[in-house]
């Protein structure tokens, strides 16, 4: 039994619309960052730099005692 | 502050682990106490429900464990926790849409593409609604539940906490939508609550809209197994025109031509076949067994198509399958 052509067309149309819906929350989030000037990904990068080990990785513990 | 966040994380984690089974058990006890199954739980159906509740977990847990512990780290080795900076509510919105819209499509395609129907048929063969049948699925349908893998990938990428929060909300909504306790009824009964009902029934799945999807009949103004595919959000059905809102509950549930296929066939078709002659799950069974009125409509449309063949394009057949 094959899928009806009309149904197939409707599925294709709806799937295309869905792709936009999938992207919508991500687009809205970046728009809100653009408006508010927030850059949370930079905060994360900064935090990673700040918490980086000060011990060189040349010792026998490989920095494990930090 | 960090201690508070840690505490909330632990609460969410525990709720995620124990909350869902507890909710199912609690509602199940309530349903039985109120006699909502009305002796509609025969031995064969009991075995199907119990087997579907327990056995797929044995397949699914190792599959997800392999996917999250081996597959994702192998494919996205440099991207673990890359999105931990995403604020909670944005993460919640991203996962809620990604997870539930994916499930909407997974569900809808199993109804609209004929060869997929038999993988989802087990969920519709129950002639009752409630906690007993809420987890009733073919194991292969469960194994390929596409949104599980999508959400697991988002967790790997750093959206773990919002993912758990979405799971809690979604489990609650979908469980209550399958329940035989019509929690939405007061919203339709009292005029003062109608505006809330209007928003609620368009936004999330309710017993009325989801029960209509499980009805034994369709296009009678109440039952509508040709639509109402939404799980957490009903909004998808509204957007794509697959919704029917009647604020009523069907008189009968299940599949009109169902004759009690064996539990092993319902759990593991096509590995095991049904012994019920003419069943969609039997070895020589049809891909989709049409309802009598569907057959009549199809026959008429074919006749009309033959007659108008010389004049123009044939009419599209519209058959009734669940």
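A short reminder: the numbers here are calculations on the coordinates, not readings from a lab. Every value quoted in this text rests on a predicted model; they were computed, and no experiment measured them. Counting neighbours? That spans all protein chains shown, and the Cβs are built from the backbone with ideal geometry, glycine included.
What the table shows:
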quantity	calculated
Exposure proxy order (Cβ contacts within 10 Å, fewest to most) of B:120, B:70	B:70, B:120
Radius, Kirkwood style, for segment A:6-46 when every pair of distinct Cα atoms is counted (Å)	12.5
Residue order, fewest to most beta carbons within 10 Å, for A:2, B:273	A:2, B:273
Relative packing of peptides B:140-153, B:93-106 - highest average C-beta neighbours within 10 Å first	B:93-106, B:140-153
Förster radius 22 Å - calculated FRET efficiency between residue B:248 and residue A:4, Cβ distance, rounded to 0.05	0.15
For segment B:258-291 versus segment B:134-199, the gap between their alpha-carbon centres in whole angstrom	29
Segment B:142-233: radius of gyration over Cα atoms, expressed as a fraction of 2.2 N^0.38 Å	1.28
Inter-site label distance for residue B:25 and residue A:24 at 7 Å from Cα along Cβ, in nm	3.9
